[in-house]
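Rule-based calculations on the coordinates, nothing more; no lab input. Note that the structure is predicted; figures quoted are calculated from it, not measured. Reconstructed Cβ throughout: ideal geometry from the backbone, glycine too, with neighbour counts over all protein chains shown.
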Amino acid sequence: MMDNQRPVNYASAEFKAYFKRSRKRLILIAVLLVALIILISESTFIVGEAEQSVVTRFGVIKRIIINSDNDFHERYQDLLKDEISFSEDVKIVVSTGLQFKVPFIDKVETYSSRLYTYISDSEIVNTSEKKQYYVQTYAQWYIADPALFSLKFASMTDAENQLDNLIHPVIVQAINRLTAEDFVSNKDVLNAALNNGLTELNEKMASRGIEIKDIQVHRTILPTANLESTYARMQADRAKVAQQLRSEGDEEYRKAVSATDLEAAQIQADAVTEAGAVRAEAEAESMRIYAEAYSADIEFYSFWRSLQALETALDESATLVLDQSHPLWADLLSYITETQDK
């Protein structure tokens, strides 16, 4: 062992002898560290949030690791009960992140759990009345069971080819059962037909570890021979809808006018009734006042009423000849005579 208090002379025979003795020990430590790193690396693996894995041992599937959003096995349990995923020797683990395996024996295959998009080539499709359209379809799918997927498909290309053989015919058959009007204008009918086809597709693809989330018509192009008739039909459909909207608008307008007229008539009737009541009260009050005035001085009231009658009956140029005993004249003459006598 070298003295730590003295400067080290790397060229000395003593240092060379010490290094020669320690070299084997250093090599052994380095080898052990490398072996430990390799062992840890072979014993662990990481499953990402958008990944899923299959763990095999000597070529036999032992474990399937899926994420928590994947409920494929619960929904298709009846269809998968005879598949390897439900075997007693296979464990389904719902987890992500750091995972462990038997080093050098277990092998791990990792698959994405994201959606894949399938788009078909454009193809002429007939409706129920034999009208033709160039149709391009698409679908969105994902690997729901990586174990079944790895057993049934050699590669992603193989899976896409099988999907093409299944998805496109289902969509085409759905369109074949629709009229041109429903296919072009009625999306609810089209979607209902596609949803039925989607159910059939998933029942066929469940045993292959694939679930299709959506199928739709990606693009529709009219053949030249169908352009004019289709545009005419679309114009007729739009005109029919416009006429219906106008009719509904006119009906609402008439209802509003009728309601307004009824309300106005009711208000007017209420006003007339209220005015009549006020007028009756005023006339009654007027008669009461007249009665009080008449009872206060009957002679004067008779005289004053005679003057009012004369004022009303005669104008400035009128000449009235009456007998002295006439009711309109007698009171006035009597008053004048009495005044002159006084």
Could you give the length gained by full extension between residue 246 and residue 281, i.e. 0.36 nm per residue of separation minus their alpha carbon distance, to one decimal place? 7.4 nm
At R0 = 30 Å, how high is the FRET efficiency between residue 121 and residue 173 if r is their beta carbon distance? Nearest 0.05 is fine. 0.95
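Using 1/(1 + (r/R0)^6) with R0 = 51 angstrom and r between the beta carbons of residue 319 and residue 264, what's the FRET efficiency to the nearest 0.05?
Numbers: r = 53 Å, r/R0 = 1.04.
In this case the efficiency is close to 0.45.
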Determine how many Å³ per residue the convex hull of the Cα atoms of the stretch 116-228 encloses. 84
GluC sites (Glu not before Pro) within the stretch 202-295: which are DSSP loop residues with at most 16 other Cβ atoms inside 10 Å? none
Could you point to the residue in 103, 77, 87 farthest towards the positive end of the stretch 62-142's charge dipole, with +1 and -1 charges on the Cβ of Lys/Arg and Asp/Glu respectively? 103
Check residue 178: other-chain or 5+ apart residues with amide H under 5 Å from its amide H, H built from backbone geometry? 128
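Using the number of other C-beta atoms within 10 angstrom as an exposure proxy, rank 86, 153 with the fewest first.
Details: 86 12, 153 18.
Starting with the residue having the fewest Cβ neighbours, the order is 86, 153.
Going by average Cβ density within 10 Å per residue, which order do the peptides 117-123, 164-170 take, highest to lowest?
On the way: 117-123: 13.3, 164-170: 17.3.
Output ranking for 117-123, 164-170: 164-170, 117-123.
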Only sites in a loop by DSSP and with at most 14 other Cβ atoms within 10 Å count here; which GluC sites (Glu not before Pro) in the stretch 37-73 make the cut? 49
Which entries in the list 187/213; 152/187; 24/107; 107/204 go over 25 Å, if you measure between the two C-alpha atoms of each? 152/187; 24/107; 107/204
Hey, can you grab everything whose amide H is under 5 Å from the amide H of residue 48? Only 5+ residues off in sequence or another chain; H modelled, so Pro and N-termini drop out. 97
Sort out for me the Cα centre separation of the stretch 149-177 from the stretch 48-121, rounded to whole Å. 21
Using a basic spin-label model with each label point 7 Å from the Cα along Cα→Cβ, how many nm lie between residue 234 and residue 160? 3.1
Rank these for me by crowding, 319, 110, 199, going from fewest to most other beta carbons within 10 Å. 319, 199, 110
Under 18 Å from a point 7 Å along the Cα-to-Cβ line of residue 199: which residues of the stretch 41-80 have their amide N that close? 75-80
Across the stretch 150-159, in residue order, what do the Karplus-derived ³J(HN,Hα) couplings come to in whole Hz, using 6.51 cos²θ - 1.76 cosθ + 1.60 with θ = phi - 60° and x for Gly and Pro? 5, 7, 8, 10, 7, 6, 5, 4, 4, 5
